[in-house]
Ligand SMILES: [Ca+2]
Ligand SMILES: [Ca+2]
């Protein structure tokens, strides 16, 4: 009734304030004239348009109905509807590059395709297509196809199911990322340097087929954990024997600015590992270990520790990894390495999230018992230009131009393999 009273007041005020010429012959307004009649009169006098008349009538009718029956008042906004299952989302990652190596011939291979003879020039470094979504609130899936440089066929890179129905952990099954290390499990769209360090390419387990438990409740006073068991034979391959790859990873945040992690893995009697398929096979098996893998007799044991520290525009990542390879019939080989990368957002046109400066240092030693051409020390100077604005977070922006210059020093038989890489990438 209060609103009706206001309405009447407004109408009467309008009438009073209207030019007096319109009231030359005052209308015979009866004391019991209804509000609707008053509106009709004002319309006749040209003080209200037909649309205003109609709108006011509807408003009065609604208020009268509400006054007569308050229960017909409109219901509060309903909660957002549940998504219609199954849900599906697509993502695309493209990385196109130009690289130039000093002398692109017979250089040692350190995990980047630009290192291989004939590997520089223009290339589509990554072409990835993702389908992700949920079948039900507690069941998700992820499929990733790749057609990267060097692959002549599109192939299945990731195919995993995720069960989130437990309170304490999520179960992930399929072809997935083994939980070991930091840089290798981070999408290269978000790496600080354009390419991973050699130690990340060669020593951690990578994609494998098996089961992973991702803890959702902290343990040991605040640590997150992941546990893995799988074939240990890489993508798309069955297990040749009854030994499996086991891996575990713990991560924590001692301070809001510091993340730390540590991982351990064991792969007994294996026929495959990134060390075997990437380092040994592509460098001509310098230590004579490939026959042990062919016979599925190599035992690998690895551990690592990593940290990521961020404060405002500055970010520093470091990681050390060590692997022992026991071929059974001869002496074990120990391999190790580390990287230390710094990233700083430079002031640029009044912002500080568009242009990064990157400084990187890494060491890799595939056999600590010998000094040879595969002992690497490398320095990187780089810049990233974020097309969308990067934000000061790892997941801030995968859409950027990158420029890296990498100086590569081998302990023996130094070769001219320094390289310049320009990359234009997007991830959406
Ligand atoms: Ca060495
Ligand atoms: Ca060199």
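Read-outs throughout are calculated quantities, based only on the coordinates presented, and are distinct from any laboratory measurement. Note that the structure is predicted; figures quoted are calculated from it, not measured. Glycine also receives a Cβ, built like all others from the backbone with ideal geometry; neighbour counts cover every protein chain displayed.
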- Rounded to the nearest 10, the angle in degrees between the Cα long axis of helix 2-17 and the longest principal axis of the Cα atoms of the chain comes to 60 degrees
- Item | Nearest-0.05 FRET efficiency for residue 264 and residue 242, computed from C-beta distance (R0 25 Å) | 0.75
- Query: Which value results for Rg/Rh of the chain when Rg is the Cα radius of gyration and Rh the Kirkwood radius based on the inverse mean 1/r?
  - Reply: 1.28
- Pick out which of 205, 68, 178 has the largest mean-square fluctuation in a Gaussian network model of the chain, springs linking Cα atoms closer than 10 Å. 68
- Note on the structure: Of 80, 286, 274, the most mobile residue in a GNM of the chain (C-alpha springs, cutoff 10 Å) is 80
- Query: Gain in length, residue 224 to residue 45, computed as 0.36 nm per residue apart minus the alpha-carbon separation, to one decimal in nm?
  - Reply: 56.8 nm
- Got a sec? How would 243, 329, 265 order by Cβ neighbour count within 10 Å, fewest to most? 329, 243, 265
- Could you give the nm distance between label points at residue 52 and residue 331, where each point is 7 Å from its Cα heading toward the beta carbon? 10.0 nm
- Given the Cα-Cα distance of residue 324 and residue 59 and 0.36 nm per residue of separation, how much length would full extension add, in nm? 87.3 nm
- Under a point spin-label approximation (7 Å from Cα along Cα-to-Cβ), what is the residue 135-residue 388 distance to one decimal in nm? 3.0 nm
- Taking only Cα atoms, what is the 0 to 90° angle, nearest 10, from helix 35-44's long axis to the longest principal axis of the chain? 80 degrees
- Message: Compute a Gaussian network model of the chain, connecting alpha carbons closer than 10 Å, and tell me which residue from 366, 313, 78 fluctuates the most.
- Response: 78
- Task: Assign one of three labels to the stretch 258-299, namely rounded, prolate or oblate, based on the Cα gyration tensor with a ≥ b ≥ c the square roots of its eigenvalues; rounded applies when a/c is under 1.5, prolate when it is not and a/b is larger than b/c, and oblate otherwise.
- Result: oblate
- Message: So for each of 296-309, 120-133 I average, over its residues, the number of other beta carbons within 10 Å; can you give me the resulting order with the highest mean first?
- Response: 296-309, 120-133
- Task: For helix 50-68, report the angle its Cα long axis makes with the longest principal axis of the Cα atoms of the chain; keep it between 0 and 90° and round to the nearest 10°.
- Result: 80 degrees
- Item | Two-site label geometry, residue 163 and residue 216: point separation in nm, points 7 Å out along Cα→Cβ | 1.3 nm
- Query: How much length, in nm to one decimal, is gained on full extension between residue 357 and residue 314, taken as 0.36 nm per residue of separation minus their Cα-Cα distance?
  - Reply: 14.5 nm
- Message: Pairs of alpha-carbon atoms within less than 8 angstrom and 6+ residues apart define the contacts here; what relative contact order does the chain have, in percent?
- Response: 12 percent
